[in-house]
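To start, the structure under review is shown below, and the notes come after it.
The values are calculated or read from the model by the stated rules, or taken from the named source; none is laboratory data. Source: prediction; values computed, not measured. Cβ sites come from the backbone with ideal geometry, for glycine too, and all protein chains shown count toward neighbours.
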Amino acid sequence: MDDLYAARLKRADQVAFQMIYRIYSARLYNFAFKFLKSKELSEEVVQESFLNLWLNREKLNEAYPVGPYLFSIGRRVTLNTLKQCSLTKSGLEKLWQSITYAHNETEEAVEINNLLEFAESAFCNLPAQQQLVFRLSREEGLSYEEIADKLQISRNTVRNHLVAALKNLKNQFAQSDIVYLLIILPFLLK
């Protein structure tokens with residue numbers, strides 16, 4: 001049945017688009033909310049996912065159902081939203097508050113404990129100088145120049161340590177499939 005919508009959607013059938021929206025919007029919202037813990041951001045993910053589906057409808061393969069394609073778009077949009085949140089301190093704080101106040105406390109307590117352990121382990125795997133530079137930059141908010149002055153090293157060395165630390169942490173997280181840990185790492189390391 002879903003593949004019938006693909007053919008109709010490919011021909012710009014708005015009724016088919018509305019039907020797909022009715023079928024998948026709530027499920028896509030729930031998927032995004034599991035990661036974002038924000039009503040507004042999850043609603044934006046749904047809207048952006050359906051917009052992308054409509055704009056790329058010509059690429060649909062009529063032999064395949066729309067659902068998996070839509071959810072791959074939704075997954076990408078959710079991950080991009082998480083990345084965008086991680087780029088701003090206010091976004092991180094808002095995301096952290098949403099995660100902290102979410103219900104289902106027992107399960108989340110276990111997950112958070114596991115994330116804390118993994119974050120600490122990943123951080124401890126960094127060389128000592130990278131750990132120090134990373135903490136000064138991310139926790140104390142010092143600039144490259146301030147860190148260089150404090151540690152009596154060059155600004156380029158500070159930059160190199162930060163780049164290496166971030167690359168090392170990202171590799172560790174990527175290998176463990178812990179995507180959203182990248183988002184909450186600065187709070188876990190305090």
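Data for the structure
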item: Subset of region 36-75 (residues that are of a type in the set (D, E, K, R), within 22 Å of ASP13 (Cα to Cα) and part of a loop (DSSP other than H, G, I, E, B)); result: GLU62
item: Complete set of residues in region 145-166 that are of a type outside the set (A, V, I, L, M), part of a helix (DSSP H, G or I) and surrounded by fewer than 18 Cβ atoms within 10 Å (Cβ to Cβ); result: GLU145, GLU146, ASP149, LYS150, ARG155, ASN156, THR157, ARG159, ASN160
item: Lone unmet requirement of (1) under 30 Å from ARG11 (Cβ atoms); (2) touching a helix residue (DSSP H, G or I) at 6+ places or on another chain (Cβ under 8 Å); (3) assigned to a helix (DSSP H, G or I) for GLN84; result: (1)
item: Condition check for SER42: in contact with a helix residue (DSSP H, G or I) (Cβ under 7 Å, 6 or more places away or on another chain), within 13 Å of THR78 (Cα to Cα) and in the same structural domain as THR81 (by TED's automatic domain parsing); result: yes
item: Scope region 1-58; condition on the phi > 0 side of the Ramachandran plot and of a type in the set (D, E, K, R); matching residues; result: LYS37
item: So GLU117, is it charged (D, E, K, R), modelled with pLDDT of 80 or more and either more than 30 Å from GLU40 (Cβ to Cβ) or surrounded by 15 or more Cβ atoms within 10 Å (Cβ to Cβ) (or both); result: no
item: Evaluation of ASN171 against (1) touching a Phe, Trp or Tyr at 6+ places or on another chain (Cβ under 9 Å); (2) at pLDDT below 80 (one fails), failing number; result: (1)
item: Any chance PHE33 is aromatic (Phe, Trp, Tyr), free of Cβ contacts under 8 Å to residues at least 12 places away in the same chain and assigned to a helix (DSSP H, G or I); result: yes
